[in-house]
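Student: Here's a structure for you.
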Amino acid sequence: MDAERQDTPHEAVDLIAESLMPGRRDILRRIFNDHGARAPMIIWSPAVDELQSPLMRRFAEICRGFMDDTGQVPASAFSLEALGPIAAWTMIVEPEGDEFRYAHYGAGIAEHYGRDMTGETTRGFTTHIAQFFKALYRAAAERREWVLSEHEPPARIFVRSWRRLIVPLMDDAGETVLRFAVANFPENELRAGLELITDPVFVLAEDQRVQYANRAAQRMFGFDTMRAHDADLTALCGVEVETPVSPEEMLSQGQVEDSLRLSLRGGIAERLVVTVSAAEHRGTAFYVVVMRQIGA
């Protein structure tokens, strides 16, 4: 927002809703730019080629299979089970007053976000993100139209961008949106690369709070994504890591630090070589910690 202006959440939703109208994208760009993010992409009634990913196109194909003669998807016809594995990347969102409640929040989305929002509302998100979600759902309900969006989350959410397709699910009269089926896929090349590493990898904020842990780290130390997100690294895995300088300094100097640490698991002391470096994600520097086991 402008420095001179502090909009209430309701006013901000109105502003964003206004920005979804033709010729008013400047409002949306300003709001996101003020939070260090580029303006989101929004496409109403997207063509198949605009969906890009095979999973998104498959989600759209299944939803089109539920369409009635008017081209709308009745809520009574839609089946989450018909999505198969894509249900892990799907949300069912229901209007509830001025908010929207997540009746289903796919496990894949929760893993990347670090929190299961099932049963919670858009109020659980912070700042401009909650306002953007509410405005977009409200606009989709008013237009009764499919909408494709892509936006950058806050930097501490270790996803480069979220790409979602919102499909209104109508009442039997075809007049009111009862809920939405929403496919929501993360895009993050760095995260995908880290999952290929067989050693435990942690991405830490400057305060050593865990922003991401790969599957190898989860297996070795016995935790899941929900427990890891924003946890203190030492409390999470019992390994102390020294970070004498900020991640920005490590990144600018190309600094890499190796140290030997002990990890006690199941009553057995294991030696770990801990490598600390830094990487940039959406303009923010983070520590990258790799732990390699070298024996008991």
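Each value in this text was obtained by applying a stated rule to the coordinates, not by laboratory testing. No experiment lies behind these values; they were computed from the predicted model shown. Virtual Cβ from ideal backbone geometry, glycine too; neighbours counted across all protein chains shown.
Student: Taking the Cα centre of segment 191-295 as origin, work out the dipole magnitude from +1 charges on Lys and Arg Cβ and -1 charges on Asp and Glu Cβ, in debye rounded to 20.
Tutor: 500
Student: Using 0.36 nm per residue of separation minus the Cα-Cα distance, give me the extension gain between A279 and H35 in nm, one decimal.
Tutor: Computed gain between A279 and H35 is 85.8 nm.
Student: Quick one: what do you get for segment 9-187 if you divide its Cα Rg by 2.2 N^0.38 Å?
Tutor: Relative to the 2.2 N^0.38 Å estimate, segment 9-187 comes out at 0.97.
Student: Separation between the A235 and R64 pseudo-spin-labels, each 7 Å from Cα along Cα→Cβ, expressed in nm?
Tutor: 4.9
Student: What is the extension gain from E120 to L264, computed as 0.36 nm multiplied by their sequence separation minus the C-alpha to C-alpha distance, in nm to one decimal?
Tutor: That works out to 48.1 nm of additional length.
Student: What does the highest-first list of 77-85, 203-211, 228-236 look like by mean Cβ count within 10 Å?
Tutor: The peptides rank, most packed first, as 203-211, 228-236, 77-85.
Student: Could you pull out which residues in segment 53-76 have an amide N less than 18 Å from a spot 7 Å beyond the Cα of T176, following the Cα-Cβ vector?
Tutor: The answer is 73-76.
Student: For segment 191-295, with the dipole built from +1 on Lys and Arg beta-carbon atoms and -1 on Asp and Glu ones, taken about the Cα centre, which of A205, T225, T243 lies farthest toward the positive end?
Tutor: T225
Student: Same structure, new question: For the modelled label position 7 Å from the Cα of L80 along Cα-to-Cβ, which residues of segment 106-124 have backbone nitrogen atoms closer than 18 Å?
Tutor: Only 106-122 pass the distance filter.
Student: I'd like to compare 141-152, 174-185: which one has the highest average count of other Cβ atoms within 10 Å, and what's the full order after that?
Tutor: In decreasing order of mean packing, 141-152, 174-185 become 174-185, 141-152.
Student: Tell me, what is the FRET efficiency for E50 and E242 to the nearest 0.05, using R0 = 41 angstrom and their Cβ-Cβ distance as r?
Tutor: 0.30
Student: Would you mind pulling out the separation of the Cα centroids of segment 89-135 and segment 169-247, in Å?
Tutor: When both Cα centres are located, 17 Å separates them.
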